[in-house]
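Asker: One structure follows; several queries about it will come next.
The values are calculated or read from the model by the stated rules, or taken from the named source; none is laboratory data. On a predicted model such as this, the values are computed, not experimentally measured, just so you know. Reconstructed Cβ throughout: ideal geometry from the backbone, glycine too, with neighbour counts over all protein chains shown. Ligands, DNA and RNA are stripped out before the accessible areas are found, and what is left, the full protein with its side chains, is counted by its heavy atoms. Shrake-Rupley method; radii C 1.70, N 1.55, O 1.52, S 1.80 Å.
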Amino acid sequence: MTELKRRTVIAGLGALAVTPVFAPAIAQKRYDEGANDREIKIGNIMPYSGNASAYGVIGRTSEAVMKMVNDAGGLNGRKVTFITYDDGYSPPKAVEMVRKLVEEDKVLLVFNPLGTPSNTAIQRYLNQRKVPQLFVATGASKWGNPRQFPWTMGWQPDYVTEGAIYAKHILSTKPDAKIGVLMQNDDYGKDYFNGFKQGLGPANERRIVQLSTYEVTDPTIDSQMIQLKNSGADVFFNITTPKFAAQAIKKAAEIAWKPVHYLNNVSSSFGSVLKPAGIDNAQGIMVALYRKDANDPQWANSPDVVAWKAFMAKYMPNADIRDDGHNFGFSVAHTLLQTLKQAGDNLTRENVMKEAANLRAFESPLLLPGIKVNTSPTDFYPIQSVQLARVKGESFELFGSVLSNESTS
C-alpha cells in the first residue's frame, strides 16, 4: 500500500436535479435485454423481512429516487422501471429472486443487492450470465476483484479497510487495550475481523481477550455481552447488523459495562440503531463515516442535504428521516444514475460496466467533504475513504483527517 492519501475538500456540491440530458454522441443506439428507446429495467433484492429487515428502507429509497427521475422526464428520456424483491436476508431466496429478475423480468442489471451472504450466493450466477451486479450493499473486500468477477462491483468502503482503521486508532490511543469483539458469524463479520487483526498486526493480536460470535437467526446477544464484560475487556469492537447493534448497546448499559466502544459503519444509523438502543447509552461510541448524517445541523445548508430533505418530504413523507438507510439509498442511487447517464444510448451490459469502472471524482450526494467516487478498470472500490466520528448528543462529532485504504499499510 502507498502512504496515506488526503483528498481535497469539496467546496460545494451544486444542484442535484436529475436532468434527462447527459448522453455522449454515438453512431447508433445499442441495447441489451432490459433497455430500449423507452425504458431501462433495474432489478434489486433487499431484506424486507427477517432479522436484517431494518435495511429494507434502502431499497424503498432507491425506488423513490427512480420515481423522482421519471417525474423529471426520465433518464436520457427513458423511463426507469425499478423491480425490487424481498430475499429475507436468505442466500437461497436471494438466488431465487435474482434468477426471476434476470430470466423472467429481464432486467438490464441487478443494483445494490444487500448483504454479504446474499451477494456471495448470486455472484457466480450473475457473472456467468454477464449481468452487472452493481454497487452491492456490503463492504466485503471480495467485491473489488475485476479479474475473477468482472461483472461485480462494490460501492461503500470495504470492511477490511474500516476494521484496520479502528485497530490503528486503538493502538495509537490505548496501546495497553484489552479488546473484546462481538462478531456476526458469517463472511461479513469475518471480513471486518480479519481487517481488524491486520490493523493490529501479529504482535498485538494478543490484545484481543475475547471473541464472541452470534448467528443472524439468534433472538438476542445478551449472553455474549455478559461474556465480553466478564473477560475484562476495556475496548469493544462491535461487528453487528442493526438489530443486534441496538441490543448490544442497550445491554452494555444494563450490565454497566463501559468500554471504549467502536461500532461498524453498517450500524451507524440513529433511526434504526442508536435511538432504539437509547441515545444516552450511545454517547461516545466511535464509528468510521463516509456519508453525512443528513439530520445533523452542521450540514443543514449543504445543497445535497437540502435536496435530500426536499426529496424525502415529497417522495417519502411518512418515513423516519433519522434512519440512515434513506441517506444510503439516495446516495448510491445517484451513483447508478451517473453511470447510466455516462452510458448514454449505449445501454449494453458491457458498456454499463465500462462506465461504472470510469467514474472520476464523482460527488455523489451526501458523501462527507473530501470523499468522492473513483473507479477504474482495475479499481472496483468506488469509495475508499472514511473519517472517524463519535456520538455526541444526537449527532456525530467528526475528528481527525479523512483516511483512505492506504492508511492500513
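Asker: For the subset of the stretch 311-370 comprising residues that are without any contact (Cβ under 8 Å) to a residue 12 or more places away in the chain and assigned to a loop (DSSP other than H, G, I, E, B), which member is surrounded by the fewest Cβ atoms within 10 Å (Cβ to Cβ)?
Answerer: Selected residue: Asn318.
Asker: Can I ask one more? I'm checking my understanding of the structure. Among residues of the stretch 35-54 that are modelled with pLDDT of 95 or more and open to solvent by less than 40 Å² (accessible area, probe 1.4 Å), which one is farthest from Asn351 (Cα to Cα)?
Answerer: Pro47
Asker: Continuing with this model, one more query. Which residue pairs have Cβ atoms closer than 8 Å, lie 6 or more positions apart in sequence or on different chains, and pair a first residue in the stretch 248-269 that is outside any loop (DSSP other than H, G, I, E, B) with a second residue that is of a type in the set (Lys, Arg) and open to solvent by 10 Å² or more (accessible area, probe 1.4 Å)?
Answerer: Between residues of the stretch 248-269 that are outside any loop (DSSP other than H, G, I, E, B) and residues that are of a type in the set (Lys, Arg) and open to solvent by 10 Å² or more (accessible area, probe 1.4 Å), the close pairs are Ala252/Lys229; Ala252/Lys258; Val260/Lys174.
Asker: Still on this structure, please answer the following. Residue pairs, Cβ under 8 Å, 6 or more apart or interchain, first in the stretch 68-81 and farther than 18 Å from Trp308 by Cβ and basic (Lys, Arg), second open to solvent by 50 Å² or more (accessible area, probe 1.4 Å) and assigned to a loop (DSSP other than H, G, I, E, B). List them.
Answerer: Arg78/Asp37; Arg78/Arg38; Lys79/Arg38
Asker: Determine whether Gly88 is open to solvent by less than 10 Å² (accessible area, probe 1.4 Å), out of contact with any helix residue (DSSP H, G or I) (no Cβ under 7 Å at 6 or more places or on another chain) and without any contact (Cβ under 8 Å) to a residue 60 or more places away in the chain.
Answerer: No.
Asker: Another one. With the condition being within 22 Å of the chain's Cα centre (by Cα) and at pLDDT below 95, I'd like the helices (runs of 4 or more DSSP H) fully within the stretch 65-177 carrying at least 2 qualifying residues.
Answerer: 116-129, 159-173
Asker: So in the stretch 342-371, with the set limited to residues that are small (Gly, Ala, Ser) and within 16 Å of Ile42 (Cα to Cα), which one is farthest from the chain's Cα centre (by Cα)?
Answerer: The qualifying residue farthest from the chain's Cα centre (by Cα) is Gly344.
Asker: To continue, here is another question. From the residues in the stretch 270-286 that are assigned to a helix (DSSP H, G or I) and open to solvent by less than 10 Å² (accessible area, probe 1.4 Å), which one is nearest to Gly393 (Cα to Cα)?
Answerer: Ala282
Asker: Suppose we keep only residues that are assigned to a strand (DSSP E or B) and closer than 12 Å to Ala137 by Cβ within the stretch 35-55. Which one would you say is nearest to the chain's Cα centre (by Cα)?
Answerer: The extreme case among them is Met46.
Asker: Still on this structure, please answer the following. Would you point out which residue out of Lys197, Lys190 is within 22 Å of the chain's Cα centre (by Cα) and under 20 Å from Thr120 (Cα atoms)?
Answerer: Answer to the selection: Lys190.
Asker: Okay, next question. Could you identify the single residue in Pro157, Pro117, Pro202 that is open to solvent by 40 Å² or more (accessible area, probe 1.4 Å) and farther than 30 Å from Tyr31 by Cβ?
Answerer: Sole residue among the options that is open to solvent by 40 Å² or more (accessible area, probe 1.4 Å) and farther than 30 Å from Tyr31 by Cβ: Pro202.
Asker: Could I ask something else about it? Among the residues in the stretch 60-70, are any basic (Lys, Arg), within 24 Å of Pro365 (Cβ to Cβ) and surrounded by fewer than 20 Cβ atoms within 10 Å (Cβ to Cβ)?
Answerer: Yes, the stretch 60-70 contains a residue that is basic (Lys, Arg), within 24 Å of Pro365 (Cβ to Cβ) and surrounded by fewer than 20 Cβ atoms within 10 Å (Cβ to Cβ).
Asker: Are any of the residues in the stretch 289-305 among the aromatic types (Phe, Trp, Tyr) and open to solvent by 10 Å² or more (accessible area, probe 1.4 Å)?
Answerer: Yes, the conditions are met somewhere in the stretch 289-305.
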